[in-house]
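> Here it is, the structure in full.
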Amino acid sequence: MSEPTRKPVQLTDVSMLGLGAMGSALAAALLDAGRSVTVWNRTPGRAAELMTRGARGAGAVGEAVTASPVVVCLLKYDSVRDTLGPVADELRGRTLLNVTTTTPNESRQLAAWAAEFGVTYLDGAIMAVPAMIGTREGQIFYSGSRKAYDTLLPTLDVWATSEFHGEDAGRASLVDLAMLSGMYQMFAGFIHGAAMVAPMGMSASDFAARQAPFLAAMTHGLAGFAEIVDGGDYAVPGQQSLDFSDLSHIVRASEEQGVDAAPIAGVQALISRQIDAGHGREGFARIYESLRAARPTTRPTTRPEEGTAA
Ligand code: FVH
């Protein structure tokens, strides 16, 4: 009996797996830049608009991964494992770029899995919302295979400003998540402040109009803190001391308003630890030592099933 004849795969420049808000923006930017793109999404129908713009729809993941270097933009680590695991053999010898948000260790696990199947792996961390894709304003950090980065760079540069962070696949994700940590704590701080003034009748919008320029001005202080942290001398003269920065009055004011003080109490706890340890006359950057004291292991956690499937 003769083998069933397979339709030959039409080769394209990039295969995009995942057509959510971000995957669609990435694919659209490539089409706008004249690249040929194969697209696949778990739920059919999401490719329709891109196909009217010239994308080639793949009926199955296996078909997509054999058409071109693969970009996965799915929800999270588990989605990537579930999607790529069954097509590991088809991926052999190919290049895989994962821009799904993963933790550094998850990125390393994907890199280890890829290496086992002879797949060249590059990890990407997107510092942009979909509307920023295709502009220089967006940034995407990469780590993993330098060769893959160099080869794909003309494509990567279509999306945003590209930055390579080294061959450890977890590094791009680490920088991404560290930056997001700062952003979310700023947002939480703003919302906490809005909750504090709400009982006196100030709307969150009114508060935002005051808070935004103030925070923008305060960001000029980041470089100074960074210099002190990098230099390791928290007693550099001319700084506001930790004793002066004691924030217990803000904690009390929040409580007086009936507002949970958790966001600012967390900062106060870091300050108190340093004051209690005798560093009250040093500067605010000294709280870095409170954080370092809780430094976790960076050893990748390997789950039992890892190494055999993505
Ligand atoms: N959107 C943004 O602003 C942020 C910016 C920073 C980086 N993120 C990360 O990008 C990843 C994708 O985000 P997204 O915005 O495209 O997310 P959604 O619109 O929710 O689309 C999710 C896609 O993932 C597919 N999917 C989910 N689970 C599975 C699974 N188990 N197997 C296969 N595919 C899966 C989903 O498919 P469907 O629901 O349509 O079938 C969508 O295509 C993300 O890591 C962000 O953190 C974006």
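> Kindly indicate which of Ala29, Ala58, Ala112 is over 22 Å from Phe164 (Cα atoms) and hydrophobic (A, V, I, L, M, F, W, C).
Details: Ala29 fails: over 22 Å from Phe164 (Cα atoms); Ala112 fails: over 22 Å from Phe164 (Cα atoms).
Result of the check over Ala29, Ala58, Ala112: Ala58.
> Report yes if Gln239 is within 19 Å of Val259 (Cα to Cα) and not assigned by TED's automatic domain parsing to the domain that holds Thr103, otherwise no.
No, not satisfied.
> Cβ contacts < 6 Å: first residue more than 16 Å from Ser173 (Cα to Cα), restricted to segment 65-79; second residue in a loop (DSSP other than H, G, I, E, B) and more than 9 Å from the ligand (Cβ to nearest atom), any location; separation 6+ or different chain. Result?
Partner pairs satisfying both residue conditions: Thr66/Val9; Ala67/Val9; Ala67/Leu11; Ala67/Thr12; Ser68/Thr12; Ser68/Asp13.
> For segment 274-296, how many residues are at negative phi and over 30 Å from the mean Cα position of the chain (by Cα)? Working first, answer last.
Filtering segment 274-296 down to residues at negative phi leaves 274-277, 279-296.
Those still in the list that are over 30 Å from the mean Cα position of the chain (by Cα) too: 274-277, 279-283.
Final tally of qualifying residues: 9.
> Looking only at segment 244-290, which residues are of a type in the set (D, E, K, R) and under 27 Å from Val197 (Cβ atoms)?
If the condition is that a residue be of a type in the set (D, E, K, R) and under 27 Å from Val197 (Cβ atoms), then Asp246, Arg252, Glu255, Glu256, Asp260 are the ones that fit.
> So, of the residues in segment 119-132 that are within 9 Å of the ligand (Cβ to nearest atom) and open to solvent by 10 Å² or more (accessible area, probe 1.4 Å), which turns out to be nearest to Glu167 (Cα to Cα)?
Restricting to residues being within 9 Å of the ligand (Cβ to nearest atom) and open to solvent by 10 Å² or more (accessible area, probe 1.4 Å), the top hit is Ile126.
> Ala115 - would you say it is in a helix (DSSP H, G or I), without any contact (Cβ under 8 Å) to a residue 24 or more places away in the chain, of a type in the set (Gly, Ala, Ser) and out of contact with any His (no Cβ under 8 Å at 6 or more places or on another chain)? Even if it seems obvious, please write down each step before you answer.
Working: in a helix (DSSP H, G or I): yes; without any contact (Cβ under 8 Å) to a residue 24 or more places away in the chain: yes; of a type in the set (Gly, Ala, Ser): yes; out of contact with any His (no Cβ under 8 Å at 6 or more places or on another chain): yes.
Answer is yes for this residue.
The values are calculated or read from the model by the stated rules, or taken from the named source; none is laboratory data. The shown structure was predicted, so the numbers you read here are calculated from the model rather than taken from an experiment. With ideal geometry, Cβ positions are generated from the backbone for all residues, glycine too; neighbour counts draw on all protein chains shown. For the accessible areas, the whole protein counts, side chains as well, though only heavy atoms, and no ligand, DNA or RNA atoms are used. Shrake-Rupley method; radii C 1.70, N 1.55, O 1.52, S 1.80 Å.
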